[in-house]
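Below you'll find the structure, written out as structure tokens, and then a few comments.
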Amino acid sequence: MIFDVVTIFPDFFSSILEHGVLQRAQAGGQAEFRRHDLREFTDDRHRTVDDRPFGGGPGMVFKPEPLFRAVEALKAEAGSADFPVVLLSPQGRLLTQAVAEEFARKERIVLLCGRYEGVDERVAQHLATEELSIGDYVLTGGELAAAVVMEVVTRLLPGVLGNEESSEQDSFAGAGSGGAESAAGGVHGILDCPHYTRPAEFRGWKVPEVLLSGNHEEIRRWRRRRALEKTWRQRPDLLASLSLSEEDSGLLEEIRQAALEPATRHP
Ligand code: 9D3
């Protein structure tokens, strides 16, 4: 898969491309990350990418011409226009695991990073195929968001992750889409259970006894219960959109009951 990132800060991506999953995918040939300096697509002496907003107001807005030229050059080079052109923007639809899975099926994706107050709306209307936000908080520009998209999509590409860290085991795999991957086992649609490693006691805090018991059925049930409990406390919205098995319903009932009991009953 080819990622074409259009940005005024191509160097921003250097360290993330040299580490972890992006580095590995590039080395393994599963992904190629190309950075395009937006200023290369300007035509004035000062390489101007922004201008003052019509109608007045604070800040500057990205001009349309350099972005259109950049994407048109990519389409010409590819000999095709049949790929998503994603404008990272706070006004976009929200990035979810389902969106990542959708992008992972593409051969190529263009990521347009804005800065300042925003990007001329004609880019969103007539150049981008969609606008994408990574969450309801304010970033300074699209670069960090583009990096997040690259990460979440790349780790889904075939051959990028080993079995040890299979993406099919992820908490959110299939949560939004219910695709074939979500049927493959592992915990889906709810948060992960707690994990522990040695030492069995650290500063007086003991690892739950059941994990040392060797009773695999009891461990499985404990993990499922703790995952459901964490989800119930932190992300009840996830539980609401889940069809619960009989075991899950029983475990949740236990969790609700335990939460009602006075703390003194749990020494
Ligand atoms: C403080 C400026 N805001 C005025 C009300 C609007 C605004 C403009 C530009 C807010 C953020 C940005 C820059 N953000 C992005 O380019 C961006 C983003 C984000 O801020 N949050 C979540 N996802 C994304 S994707 C791109």
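The values are calculated or read from the model by the stated rules, or taken from the named source; none is laboratory data. The model shown is predicted, which means the values in this text are computed figures rather than measured ones. Please note: Cβ atoms are built from the backbone with ideal geometry, for glycine as well, and neighbour counts cover all protein chains shown. Side chains are part of the model used for accessible areas, which takes the heavy atoms of the whole protein and leaves out ligands, DNA and RNA. Shrake-Rupley method; radii C 1.70, N 1.55, O 1.52, S 1.80 Å.
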Subject >> Rounded to 5, percent antiparallel among DSSP beta bridges of segment 1-146 >> reply: 10 percent
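Leaving out ligands, DNA and RNA, what percent of the accessible area of the chain is carbon and sulfur, probe 1.4 Å? Before the final figure, lay out the partial values.
On the way: 7840 of 15800 Å².
It is 50 percent, rounded to a whole number.
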**OP:** Note the full-extension length gain between residue 209 and residue 73 as 0.36 nm times their separation in residues minus their Cα-Cα distance, in nm to one decimal.
**Re:** 42.8 nm
Subject >> Calculated FRET value between residue 140 and residue 2, using beta carbons and R₀ = 35 Å, to 0.05 >> reply: 0.85
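Leaving out ligands and nucleic acids, and using a 1.4 Å probe, what accessible area per residue does the chain come to in Å²?
59 Å²
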Original post:
Between residue 235 and residue 19, how many nm apart are label points set 7 Å from Cα along the C-beta direction?
Top reply: 2.3 nm
Original post:
Calculated FRET efficiency, residue 244 and residue 94, Cβ-Cβ r, R0 25 Å, to nearest 0.05?
Top reply: 0.50
Original post:
Among rounded, prolate and oblate, which fits the chain when a ≥ b ≥ c are the square roots of the eigenvalues of its C-alpha gyration tensor, a/c under 1.5 means rounded, and a/b larger than b/c means prolate?
Top reply: prolate
Subject >> Paramagnetic reach from residue 54 in segment 109-153 [backbone N under 17 Å; point 7 Å along Cα→Cβ] >> reply: 118-127
Subject >> Pairwise FRET efficiency - residue 219 versus residue 259, Cβ, R0 = 25 Å, nearest 0.05 >> reply: 0.65
